[in-house]
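The values are calculated or read from the model by the stated rules, or taken from the named source; none is laboratory data. Computed from a predicted structure; not experimentally measured. Here Cβ is always computed from backbone atoms with ideal geometry, including for glycine, and neighbour counts include all displayed protein chains. Accessible surface is based on the protein model in full, side chains and every heavy atom, while ligands, DNA and RNA are left aside. Shrake-Rupley method; radii C 1.70, N 1.55, O 1.52, S 1.80 Å.
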Amino acid sequence: MPIMAQPRINHFEYRAEDQRCRIHLRLEPDGSGTLFVNASQILYLNPTAALMARLILAETEEPRAVATVVDRYRVSTSRAREDYAGLKRQLAELVRPEGACPICDLQLEVRPPFSVRPSAPYRMDLALTYRCNNDCAHCYNARPRDYPEQDTSFWKRVLDRLWEIGIPHVVFTGGEPTLRPDLPDLIAHAEGLGQITGLNTNGRRLHDPRYLARLVEAGLDHVQITVESHDARIHDRLVGASGAWEQTRQGLQQALATRLYVMTNTTLMRDNSPWLGGTLEFLAQLGVPTVGLNALIYSGRGARVGTGLPESKLPSLLDLARERTNAFRQRMIWYTPTQYCQFDPMQLELGVKGCTAALYNMCVEPDGAVLPCQSYYQTLGSLLENDWAEIWNHPLARRLREHVGLPEPCRECALKSECGGGCPLAREAGQPSAAPRPRIGAIDSSPCLVPPDLRSVP
């Protein structure tokens with residue numbers, strides 16, 4: 001049976017005791033594939049491995065699977081059986097919850113960061129609305145809050161289209177997505193297709209256990225809740241809403257009591273960074289497993305607020321964050337792409353950080369327009385009106401992922417492929433840059449440093 005006769009994206013689910021593993025296999029026109037494990041680990045498969053992975057994950061009887069490989073590649077039965085068995089053992093470890101590290105234990109080849117150019121992003125953010133019950137002075141939203149919105153049927157068509165394109169992971173965002181009464185219906189529709197679903201929220205509506213239960217019952221997989229400070233006065237001042245902190249705290253605690261994977265996110269600014277230690281201790285006491293941090297995003301109000309920190313001020317804060325999260329056995333994620341000549345995240349063991357806009361993630365606006373990312377407000381086309389190839393190959397999308405138009409010092413830098421000149425929004429906002437330093441040592445490509453993990457199976 002020809003493998004390309006199968007749907008482009010295939011979804012598999014494995015359970016072991018109380019743990020669940022979600023697997024997606026995306027097939028490309030040339031027969032190669034991309035394997036997603038819980039939307040966080042990513043392996044690139046050549047056509048032979050992609051074919052065998054599809055047969056293995058579909059639990060095809062081994063004699064039939066081996067015969068398919070022999071017929072396709074004209075190899076001996078013994079060679080096909082040996083290769084098939086080897087890949088089957090590797091996949092068994094990968095799909096097992098808390099399974100082996102492919103680099104450390106399985107000896108798989110590592111692709112250099114940002115060396116793979118997929119035909120569609122791995123994650124699509126869905127900005128359902130630009131309305132919000134907070135009023136953050138540093139908000140990156142550049143659209144008016146009454147921006148036109150689409151109805152439930154429209155968003156279901158969007159989800160259907162994303163599944164056809166082969167996007168396994170969607171994150172509902174905004175504005176504040178919980179202000180949409182149809183959010184549970186949209187989560188359920190995406191889960192019914194086989195997509196992994198996430199929610200970016202200020203957490204205020206999650207303080208209502210009945211509402212949170214509806215999201216969980218709909219199938220929501222993970223949630224990210226913004227916590228700007230452990231101090232209610234600082235948090236409420238930053239989000240521009242009195243009483244917001246108490247609802248966010250309750251919402252965070254309620255979410256932690258469910259099966260959801262929960263993480264927080266905090267923007268480091270002049271107004272809250274001096275008290276970062278207290279915020280980290282507060283999150284640890286609540287039992288937050290993963291703490292996300294980012295710098296100010298220079299878009300919308302964030303481009304004008306003037307409370308961002310220079311990149312040179314970040315290392316000491318992130319040293320503190322790494323020390324505290326390690327002590328409490330939490331995971332820490334640093335999101336912001338930075339110019340390595342100002343601040344090298346590799347030296348702080350934060351992973352390879354580069355802009356992934358129009359490469360590994362994109363965003364759909366409330367009216368259906370596609371953005372390079374949820375804070376880069378230049379449209380690439382309409383998801384339901386334009387061909388996907390037209391959107392994906394839009395000149396702006398190609399310019400961003402190919403690092404075209406970088407400042408002169410960046411063009412010849414040895415770290416250009418990993419750094420990419422930092423965040424394009426920061427560059428466009430005129431944030432300071434420095435001359436590149438000579439490259440010292442090799443890039444650490446450990447899979448434990450930054451999602452998505454970039455790996456390949458030969």
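Rounded if a/c is under 1.5, else prolate if a/b is larger than b/c, else oblate: which is the chain, with a ≥ b ≥ c the root eigenvalues of its Cα gyration tensor? Working shown, then result.
Details: a/c = 1.56, a/b = 1.37, b/c = 1.14.
Taking the square roots of the gyration eigenvalues as a ≥ b ≥ c, the chain is prolate.
Positive end of the dipole of region 168-292, charges at C-beta (+1 Lys, Arg; -1 Asp, Glu), about the Cα centre: which of Gln247, Ala213, Leu179 has its Cα farthest in that direction?
Comparing the listed Cα positions along the dipole, Gln247 ranks first.
What ranking of Trp163, Trp275 comes out by heavy-atom accessible area, probe 1.4 Å, highest first? Display every interim value, and only then the final one.
Values: Trp163 45, Trp275 125 Å².
Sorted descending by solvent-accessible area, the residues read Trp275, Trp163.
Could you list the trypsin sites (Lys or Arg not before Pro) in region 189-246 that lie in coil according to DSSP, counting only those with at most 13 other Cβ atoms within 10 Å of their Cβ?
none
Using only Cα atoms, locate the centre of region 200-246 and the centre of region 139-171, then give the distance between them in Å, rounded to an integer.
One Cα centre to the other: 21 Å.
For a test of the definition: using alpha carbon positions, the gyration tensor, and the 1.5 limit on a/c, classify region 233-284 as rounded, prolate or oblate. All intermediate terms of the calculation are to be shown ahead of the outcome.
Numbers: a/c = 2.37, a/b = 1.43, b/c = 1.65.
Note, shape of region 233-284 comes out oblate.
Taking the Cα atoms only, what angle lies between the long axis of helix 276-286 and the longest principal axis of the chain, rounded to 10 degrees?
60 degrees
Sequence gap at least 6, Cα distance under 8 Å: using those rules, report the relative contact order of region 21-97 to the nearest whole percent.
Answer for region 21-97 is 25 percent.
Quick check: net charge around Ala213, other residues with Cβ under 14 Å of its Cβ, Lys/Arg +1 and Asp/Glu -1?
Numbers: positive: Arg205, Arg210, Arg214, Arg259; negative: Asp208, Glu217.
My count for the surroundings of Ala213 gives +2.
How much net charge surrounds Met263 when only the other residues with a Cβ under 14 Å from the Cβ of Met263 are counted, with Lys and Arg +1 and Asp and Glu -1? Let's see the in-between values first.
On the way: positive: Arg331; negative: Asp221.
Charge balance near Met263 sits at 0.
Counting only other residues whose beta carbon sits under 11 Å from that of Thr336, what net charge do I get with K and R as +1, D and E as -1?
Values: positive: Lys353; negative: Glu311.
Summing Lys/Arg as +1 and Asp/Glu as -1 gives 0.
Working out 0.36 nm times the residue gap between Arg72 and Arg398, then minus their Cα-Cα distance, what length gain in nm do you get to one decimal? If you can, show how the numbers build up before the last one.
On the way: separation 326, 0.36 × 326 = 117.36 nm, distance 3.47 nm.
Contour length minus the Cα-Cα distance gives 113.9 nm.
Quick check: from the Cα gyration tensor, does region 187-248 come out rounded (a/c under 1.5), prolate or oblate? Mind showing how you got there, number by number?
On the way: a/c = 3.90, a/b = 2.38, b/c = 1.64.
Note, shape of region 187-248 comes out prolate.
Whole-Hz Karplus ³J(HN,Hα) for region 196-211, in order, using 6.51 cos²θ - 1.76 cosθ + 1.60 and θ = phi - 60°, x for Gly and Pro?
Coupling constants for region 196-211: 7, 10, x, 9, 9, 8, 7, x, 5, 6, 6, 5, 8, x, 5, 5 Hz.
Label-point separation (nm) for Asp319 and Gln253, each offset 7 Å from Cα along Cα-to-Cβ?
The two pseudo-label positions are separated by 3.5 nm.
Subtracting the Cα-Cα distance from 0.36 nm times the residue separation, let me have the gained length for Val116 to Ser242 in nm, one decimal. Please report the intermediate quantities before stating the final value.
Details: separation 126, 0.36 × 126 = 45.36 nm, distance 4.57 nm.
The Val116-Ser242 span can extend by a further 40.8 nm.
As a check on your grasp of the helix formula, calculate [θ] at 222 nm for the chain: sum -39500 (n - 2.57) over DSSP H runs of n ≥ 4, divide by the residue count, round to the nearest 500.
-9500 deg cm²/dmol
Nearest 10 degrees is fine. How inclined is helix 183-193 to the longest principal axis of the chain, computing both from alpha carbons?
Long axis of 183-193 versus the principal axis of the chain: about 20 degrees.
Order the following by accessible area, largest value first: Glu402, Glu61. Probe radius 1.4 Å; ligands, DNA and RNA are ignored.
Working: Glu402 90, Glu61 140 Å².
Sorted descending by solvent-accessible area, the residues read Glu61, Glu402.
Please get the size of the charge dipole for region 281-401, origin at its Cα centre, with Cβ charges of +1 on Lys and Arg and -1 on Asp and Glu, quoted in debye to the nearest 20. Before the final figure, lay out the partial values.
On the way: 11 positive and 11 negative charges, 63 e Å.
Computed about the Cα centre, the dipole is about 300 debye.
Find the centroid of the Cα atoms in region 341-357 and in region 358-434, then give the distance between the two in whole Å.
If you average the Cα positions of each part, the centres end up 17 Å apart.
For region 28-44, what does the Karplus curve 6.51 cos²θ - 1.76 cosθ + 1.60, with θ = phi - 60°, yield as ³J(HN,Hα) per residue in whole Hz, taken in order and with x for Gly and Pro?
9, x, 7, x, 6, x, 10, 9, 10, 10, 6, 6, 10, 9, 10, 10, 9
Tilt of helix 244-256 relative to the longest C-alpha principal axis of the chain, in degrees (0 to 90, nearest 10)?
Roughly 30 degrees, rounded to the nearest 10.
Setting aside same-chain residues fewer than 8 positions from Lys313, which aspartates and glutamates have a Cα under 13 Å from its Cα?
Asp344
Run through the DSSP bridge list for the chain and note the antiparallel percent, rounded to the nearest 5.
40 percent
Suppose every K and R has +1 on its Cβ and every D and E has -1 on its Cβ; what is the size of the dipole of the chain about the Cα centre, in Debye to the nearest 20? Can you show the working numbers first?
Details: 50 positive and 52 negative charges, 84 e Å.
With only Lys, Arg, Asp and Glu charged at Cβ, the dipole is about 400 debye.
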